[in-house]
Amino acid sequence: MKSPNYIVRDASSNEFSTIGNLMVEVYSQLKGFPSFKEQPAYYKMLANIGNLTNNPKTKLIVAISTEGKIAGGVVYFGDMKYYASGGTATDEKDAAGFRLLAVDSNIRGKGIGKLLTNKCIEIAQEQKQKQLIIHSTKAMKIAWNMYETIGFKRSEDLDFMQENLSVFGFRLYL
């Protein structure tokens, strides 16, 4: 069976709930990642991911198959003050960021995470940002390899703790 092609675009508001549910499912399955019981506010934020688009220059980006199935999503922040992470990332100037990248576990390995990442890079370049900032955890080690292959470098100055979870910063100069 031929693999479907994917379109990457801004999510529409009627897709927000589906993307939120996908994010909750993906993050709750990560080995070594806090559970809903450990960080209920985090999972509530994921479930209501579309609310983040109420902030200026913030987009929920979706990858959708030509058959109309949502394959993944990510939140792009064109203004770091809305990035809502711990640490110093929200103080970065001439920077954009993305967080909360999730790909449907049933279709991983088809380059969807890379498509979403490249769309964020493209938007940051269009906005004339000088750098793109992201964060990851050890539970997301597979994504680390993809980010580093694309050109992101570890930036320890962006690291922080989210309750008991170590969160690691990465930076791509544009």
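Apply the a/c threshold of 1.5 to the C-alpha gyration tensor of the stretch 13-92 and tell me whether it is rounded, prolate or oblate.
Details: a/c = 1.95, a/b = 1.10, b/c = 1.76.
Since a/c reaches 1.5 but b/c is at least a/b, the shape of the stretch 13-92 is classed as oblate.
At q = 0.17 Å⁻¹, what is the log10 ratio I(q)/I(0) for the chain, with the Debye formula run over Cα points and no solvent?
-1.08
Counting only DSSP beta bridges with both residues in the chain, tell me the antiparallel percent, nearest 5. Could you put the intermediate results ahead of the total?
Working: 28 of 31 bridges.
Given both bridge residues lie in the chain, the antiparallel proportion sits at roughly 90 percent.
Just to check I understand the Karplus step: with θ = phi - 60° and J = 6.51 cos²θ - 1.76 cosθ + 1.60, what whole-Hz values come out for the stretch 147-154, glycine and proline as x?
4, 5, 4, 6, x, 5, 10, 4
Find the percent of Cα-Cα distances in the stretch 131-174 that exceed 11 Å, and round it to a whole number.
Values: 600 of 946 pairs.
Counting every Cα pair in the stretch 131-174, those more than 11 Å apart make up 63 percent.
For the chain, what does the helix formula give at 222 nm: sum of -39500 (n - 2.57) over DSSP H segments with n ≥ 4, over the residue count, nearest 500 deg cm²/dmol?
Numbers: 4 runs with 46 residues, N = 174.
Only helices count here, giving -8000 deg cm²/dmol.
Give the long-range amide H neighbours of residue 129: residues separated by 5 or more places, or on another chain, with amide H under 5 Å away, using H modelled in the peptide plane at 1.01 Å from N.
none
Can you give the translational diffusion coefficient of the stretch 56-123 in µm²/s, computed by Stokes-Einstein from the Kirkwood radius over Cα pairs at 25 °C and 0.890 mPa s? Don't jump to the answer; show the numbers that get you there.
Values: Rh = 12.7 Å.
Approximately 193 µm²/s, per Stokes-Einstein.
Could you list, in their original order, any pairs among 37/57; 81/128; 57/93; 44/119; 81/110 whose Cα atoms are separated by more than 24 Å? Present the calculation step by step, with values, prior to reporting the outcome.
On the way: 37/57 32 Å; 81/128 17 Å; 57/93 14 Å; 44/119 26 Å; 81/110 32 Å.
Too far apart for the 24 Å limit: 37/57; 44/119; 81/110.
So what is the diffusion coefficient of the stretch 93-174 in µm² per second by Stokes-Einstein at 20 °C and 1.002 mPa s, using a Kirkwood Rh over Cα pairs? Don't skip to the answer; put the middle values down first.
Working: Rh = 13.2 Å.
Taking Rh from Cα pairs, D becomes 162 µm²/s.
Less than 17 Å apart at the alpha-carbon level, and either on another chain or at least 8 residues along: which lysines does that give for residue 138?
31, 153
Read the figures in this text as sums done on the coordinates, not as results from a lab. Source: prediction; values computed, not measured.
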